[in-house]
Amino acid sequence: MANLAVFASGTGTNFCAIADRIATTAHQVVCLLGDVPDAPVLQRAAERGIPAHCISYRARPREDAELELLAHVNRYNTDLIALAGFMRLLTPQFLDAFSGQVINVHPSLLPRYPGIGAIEKSIESSDTELGITIHEVDYGLDTGPVLLQRSFDRNGGDSPAVLAERIHHLEHRWYPEVIIGLLDALPRKDS
Ligand code: GAR
């Protein structure tokens with residue numbers, strides 16, 4: 001059994017997909033860490049009985065907020081961190097201090113459209129193929145080694161809302177599976 005922490009800033013549909021799928025395994029979502037006080041994801045974690053903490057980035061250096069994040073991560077004996085719509089760049093200080101792996105889901109076929117607004121930029125483009133990327137987090141913005149990409153051929157008649165929904169569907173389908181694969185591959189703690 002391994003311990004997953006999820007970082008999220010928003011609605012939390014990916015968090016829900018992850019938490020509900022992990023609940024069918026021997027692994028555990030040990031905490032949800034957010035940075036937006038009224039983000040729906042905090043409530044969604046509470047509904048699932050998963051400890052949720054909101055760490056403020058306001059009026060202080062982000063390194064201070066990250067020290068708080070790190071304290072939670074360590075307190076919950078976290079093996080893997082999954083960013084799920086966490087709209088903050090983690091500093092090298094944080095990434096070097098955390099002993100496990102950090103991964104992210106991004107709603108485009110990286111290296112296309114890193115950063116915010118990726119879904120809108122994908123949809124507004126003339127790209128015929130849209131999709132998602134799951135990748136390791138490094139010091140850059142959506143630049144780490146790719147673990148998995150999934151895509152679909154855009155149907156010329158699909159509305160932006162349908163295209164966005166298809167992108168989210170890929171995230172919800174594949175991100176939990178990649179996470180479980182990584183958790184399964186961790187050395188057993190009791191051996
Ligand atoms: C997801 O589409 C995720 O890929 C994106 O934020 C959304 C969060 O939705 N993340 C990024 O753009 C990170 N660069 P959710 O809160 O419903 O899971």
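The values are calculated or read from the model by the stated rules, or taken from the named source; none is laboratory data. Predicted model only: the values in this text are computed from it and were never measured. We place every Cβ from the backbone using ideal geometry, glycine too, and count neighbours over all the protein chains shown. Just so you know, the surface numbers come from the protein's heavy atoms only, side chains and all, with ligands and any DNA or RNA stripped out. Shrake-Rupley method; radii C 1.70, N 1.55, O 1.52, S 1.80 Å.
Taken about its Cα centre, the chain carries a charge dipole of roughly 280 debye when the Cβ of each Lys and Arg holds +1 and the Cβ of each Asp and Glu holds -1. Taking all protein chains as shown and a probe of 1.4 angstrom, K189 keeps an accessible surface of around 100 Å². Does anyone have the angle between helix 13-22 and the longest principal axis of the chain? Alpha-carbon axes, 0 to 90°, nearest 10? That helix lies at roughly 60 degrees to the long axis. Ligands, DNA and RNA are left out, and with a 1.4 angstrom probe the accessible area of the stretch 88-130 is 50 Å² per residue. The share of accessible area on the stretch 19-108 that comes from carbon and sulfur is 50 percent, using a 1.4 angstrom probe.
Multiply the residue gap between V162 and S125 by 0.36 nm, knock off their C-alpha separation, and tell me the result in nm, one decimal place. Intermediate values should be presented prior to the final figure.
Working: separation 37, 0.36 × 37 = 13.32 nm, distance 1.53 nm.
Answer, rounded to one decimal: 11.8 nm.
Less than 5 angstrom separates the built amide H of R112 from none of the residues sequence-distant by 5 or more or on a different chain. The percentage of C-alpha pairs in the chain whose separation is greater than 28 Å is 23%. In the chain, the calculated helix contribution to ellipticity at 222 nm averages -11500 deg cm²/dmol per residue, counting -39,500 (n - 2.57) for every DSSP H run with n ≥ 4. Each principal axis of the Cα cloud of the stretch 8-81 was taken in turn, and the coordinate range along them, longest first, works out to 39, 25, 16 Å.
For F86, which sequence-distant residues (separation of 5 or more, or a different chain) have an amide H within less than 5 Å of its own amide H, given hydrogens modelled in the peptide plane? It is S9, by chain and number. Rounded to the nearest Hz, the phi-derived 3J(HN,Hα) couplings of the stretch 158-168 under the Karplus curve 6.51 cos²θ - 1.76 cosθ + 1.60 (θ = phi - 60°) are 6, 6, x, 5, 5, 5, 4, 5, 5, 5, 4, where x marks glycine and proline.
Give the distance, in whole Å, between the Cα centre of the stretch 1-46 and the Cα centre of the stretch 132-179. After rounding, the separation between the Cα centres reads 18 Å.
With a 10 Å radius around each residue's Cβ, average the other Cβ atoms per peptide and rank 18-28, 101-111, highest first.
Details: 18-28: 16.9, 101-111: 20.8.
Going from most to least packed, we get 101-111, 18-28.
Basic side chains Lys and Arg get +1 at the Cβ, acidic Asp and Glu get -1 at the Cβ, and with that the dipole of the stretch 104-186 about its Cα centre reaches some 80 debye.
When nucleic acids and ligands are ignored and a 1.4 Å probe is applied, Y57 ends up with an accessible area of around 20 Å².
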